[in-house]
Amino acid sequence: MCGIVGYIGDKEAVPILLKGLKKLEYRGYDSAGIAVQGKTGLVVRKAKGLIKNLEEKINAEFAGPGTHEFKDAEGIRGFAGIGHTRWATHGEPSDVNSHPQTDVSGKIAVVHNGIIENHGKLKEWLTTRGVTFQSETDTEAVANLISYHYKGDLLQAVLETVGRLEGSWGLGIVCTNEPDRIIAVRKESPLVVGIGKGENLIASDVPALLEYTREVYYLEDREIAVLHKDHVDFYNDEGQAIQKEKTHIEWDAASAEKGGYEHFMLKEIHEQPKALTDTLRPRLSGGADTKGAASGGSADAKGAALSAAGARKINLDEIGFDASWAQANRVVITACGTAWHAGVIGKYAFEHFARIPVDVDVASEFRYRDPILNPKDIFIIISQSGETADTLAAMRMAKKGGARIIAITNVVGSTLAREADLVMYTWAGPEIAVASTKAFTTQLMCINLIALQFGVLRGVISPAQLKEYIGALEALPAQAEKILKGKENIQRFASQQFNKGKVFFMGRLFDYAASLESALKLKEISYTHSEAFAAGELKHGPIALVDTSTLVVALCTQSALFDKMESSITQVKARGAAVAAITYEDSDRFDRLADEVFRIPRTDDGLTPILSVIPAQLFAYYCAVQRGLDPDKPRNLAKSVTVE
Ligand code: AGP
């Protein structure tokens, strides 16, 4: 995720902004930039790549190498400014797409975390009013919209601008005409205001502030902060002054980086509701606005979301997906590891929603086989990093065979994104823990959206069914949130089971596919011997391994196959295994049989992996912690496997 810092006070702003940005490096980024209120106007400097590149650029221009003393460089001397580390969303990583983004006059600069969903329309509207855009970013529309509304009062212009924005934002804004203030405003993207002595700061995350203060105000959605060097005023979205409560930060620097969570993995597991919302929302259009149901509120919002969904449609125009794609003869999905598991679920989803033949292949197998390729094939290549060597090789092979490629990736500008014909991004933000969590569930969100769109275009899904499915998709973030609220139950269970010699995950259909990912999570970070198998295969081999030292986690969400799962559970119980079931919260079917039951909210049986994997992620995490291991950095594993 991107990082924001802002400073106003008695000190030189540039070194403080650069230092603040470095404190946010752990969040992952691909470029950085600053804007400072200089003597003769805003000084904006940006660079692709590491903060070091930006620093070198500034030093080369204004000071000696390795120094931040700009005594002889009036140009960049300033006591107020904003800075940003960018994780690309709209437009690849580049100097011009980096933030701050400015309006055409260069008088207003903006740093932005989040996604402006209606940026296309806003850009069109601004273009008709003479604005020429320099970058591919959504943020440039915000800078120019503020400029359009600016009539001498920056606060008023910001109020009018945010009233026209759709999506999510944390914004830091400066304007040359008002050098004595910085404005910060948020919706669904965190911003914190730090109160210093003769200086005040903003940041998207606490670590950037800790050197200067521990007294902070957390901005709530749609609140606005106006920072002066000696005081800060807060307003609501109607411009009325509000009072806020100050918080004293107790965290040390290390836990502040993890947002107070013990590990990045746990933080990322908890980020899933937001990541799911961010991945889904820009791909829906029309009908009633169910954003509230999707982004928060009660986990029982499914019913409400279902009835409010109206004529909402899946809209993949943004990625260039048109009807021609749905005329494919066959879909082939290739990927590695967790992304391959998303592909297996994708196969089931495509069959379920679109009735089209699908092959799914581990990329390292596909590339060395002699696969039969056809120009009427569509390949879906899934990769969190977009840089996995085998996955890229498989994609290039498919391309050579004449197939068209859709990439699902989390990294804008990655090799996969650059070489594919279409790219659908998972808006999960950077994933730092080696074990993939939020990237996986957002991959599932993407593949379901594509499969549903295939279903619509192929006439398999009726408008009524589509309405049901969209409602179910929109309910998922709140449902995921509800599962996370029950994490203590899973933690307790892990504290009893973490020393098990072997753990098997079994299920049928979508539950089998979700079992694959659940078993991988456990083995990756807790080093427990864990395997997944299709429950129907039990008698064909795995049952030979089942004894009193075994834990079997039975995923039971495929309603038509509950009887079959009941019988599989009975068989492993008879061999002395402990059994945990993951099933719907409104079913007591497995209560009698299983030793432990974890519940997930009711959804379409085809969407359950997005929910049922969350208890498994938490179980893996707590088992690793119980074993005294670092879940963020499992032995022998790398986050991105760029070599064979
Ligand atoms: C996931 O927990 C693993 N670390 C690993 O299996 C990963 O999914 C695999 O290496 C593929 O990576 P990619 O998604 O970046 O291509």
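Taken over the range 390-421, the criterion of being more than 16 Å from the ligand (Cβ to nearest atom) and among the basic types (Lys, Arg) is satisfied by Lys399, Lys400, Arg404. Answer yes or no as to whether Glu474 is open to solvent by 10 Å² or more (accessible area, probe 1.4 Å) and within 28 Å of the chain's Cα centre (by Cα). Against the criterion (open to solvent by 10 Å² or more (accessible area, probe 1.4 Å) and within 28 Å of the chain's Cα centre (by Cα)), Glu474 does not qualify. Among the numbered conditions (1) of a type in the set (D, E, K, R); (2) in a loop (DSSP other than H, G, I, E, B); (3) at pLDDT below 90, the only one that Arg369 does not meet is (3). Quick check: is even one residue across the range 334-353 assigned to a strand (DSSP E or B) and open to solvent by less than 40 Å² (accessible area, probe 1.4 Å)? So far as the range 334-353 goes, yes, one or more of its residues are assigned to a strand (DSSP E or B) and open to solvent by less than 40 Å² (accessible area, probe 1.4 Å).
Taking the range 432-448 as the range and being near the ligand (Cβ under 8 Å from one of its atoms) and open to solvent by 10 Å² or more (accessible area, probe 1.4 Å) as the test, the residues that pass are Val434, Ser436. Residues that are among the small types (Gly, Ala, Ser) and open to solvent by 40 Å² or more (accessible area, probe 1.4 Å) were ranked within the range 126-166; the one that is farthest from Asp180 (Cα to Cα) is Gly130. Of everything in the range 365-389 that's more than 19 Å from Ala439 (Cβ to Cβ) and within 16 Å of the ligand (Cβ to nearest atom), which residue is most open to solvent (accessible area, probe 1.4 Å)? Per the criteria, the residue is Glu365.
No other residue among Ile614, Ile569, Ile610, Ile600 is among the β-branched types (Val, Ile, Thr) and without any contact (Cβ under 8 Å) to a residue 40 or more places away in the chain apart from Ile569. Screening the range 549-634 for strands (runs of 3 or more DSSP E) wholly inside it with 2 or more residues that are under 30 Å from Phe353 (Cα atoms) and open to solvent by less than 10 Å² (accessible area, probe 1.4 Å) returns the ranges 550-556, 578-584. Consider Lys639 against the criteria (1) charged (D, E, K, R); (2) open to solvent by less than 70 Å² (accessible area, probe 1.4 Å); (3) more than 16 Å from the ligand (Cβ to nearest atom): it satisfies all of them except one. Which criterion is unmet? The failed condition is (3). Taking (1) surrounded by fewer than 17 Cβ atoms within 10 Å (Cβ to Cβ); (2) away from the ligand (no atom under 16 Å from the Cβ) in turn, Tyr527 satisfies each apart from (2). Using the structure shown, decide if Val331 is outside any helix (DSSP H, G or I) and either within 11 Å of the ligand (Cβ to nearest atom) or modelled with pLDDT of 95 or more (or both). Yes; evaluated as a whole, the condition is true for this residue. Any residue that is under 30 Å from Lys467 (Cβ atoms) and hydroxyl-bearing (Ser, Thr, Tyr) - is there at least one of those in the range 584-591? Yes: the range 584-591 contains one or more residues that are under 30 Å from Lys467 (Cβ atoms) and hydroxyl-bearing (Ser, Thr, Tyr).
For the range 26-48, the tally of residues that are open to solvent by 10 Å² or more (accessible area, probe 1.4 Å) and either under 14 Å from Phe79 (Cβ atoms) or free of Cβ contacts under 8 Å to residues at least 12 places away in the same chain (or both) stands at 5. Residues that are modelled with pLDDT of 95 or more, among the hydrophobic types (A, V, I, L, M, F, W, C) and crowded, with 20+ Cβ neighbours inside 10 Å: does the range 78-85 have at least one? Yes, the range 78-85 contains at least one residue that is modelled with pLDDT of 95 or more, among the hydrophobic types (A, V, I, L, M, F, W, C) and crowded, with 20+ Cβ neighbours inside 10 Å. Within the range 387-398, residues that are part of a helix (DSSP H, G or I) and charged (D, E, K, R) sit with their Cβ atoms under 6 Å from residues that are within 12 Å of the ligand (Cβ to nearest atom) and open to solvent by less than 10 Å² (accessible area, probe 1.4 Å), at 6+ positions apart or across chains, in these pairs: Asp390/Ala363.
Is at least one residue of the range 472-479 acidic (Asp, Glu) and assigned to a helix (DSSP H, G or I)? The answer is yes, given that some residue of the range 472-479 is acidic (Asp, Glu) and assigned to a helix (DSSP H, G or I).
Taken over the range 599-622, residues that are within 15 Å of the ligand (Cβ to nearest atom) and either closer than 13 Å to Ala435 by Cβ or in contact with a strand residue (DSSP E or B) (Cβ under 6 Å, 6 or more places away or on another chain) (or both) amount to 7. Listed by first and then second residue, the pairs with beta-carbon distance under 7 Å, at least 6 apart or on different chains, first residue in the range 424-441 and in a helix (DSSP H, G or I), second more than 11 Å from the ligand (Cβ to nearest atom) and among the β-branched types (Val, Ile, Thr), are Phe440/Val613; Thr441/Ile610; Thr441/Val613. On the basis of being more than 15 Å from Lys347 (Cβ to Cβ) and assigned to a helix (DSSP H, G or I), does Ser364 make the cut? Criteria met by Ser364.
The values are calculated or read from the model by the stated rules, or taken from the named source; none is laboratory data. None of these values were measured; they are calculated from a predicted model. No Cβ is skipped: glycine too gets one built from the backbone with ideal geometry, and neighbour counts run over all protein chains shown. Remember, those area values only see protein heavy atoms, side chains included, never the ligands or the DNA or RNA. Shrake-Rupley method; radii C 1.70, N 1.55, O 1.52, S 1.80 Å.
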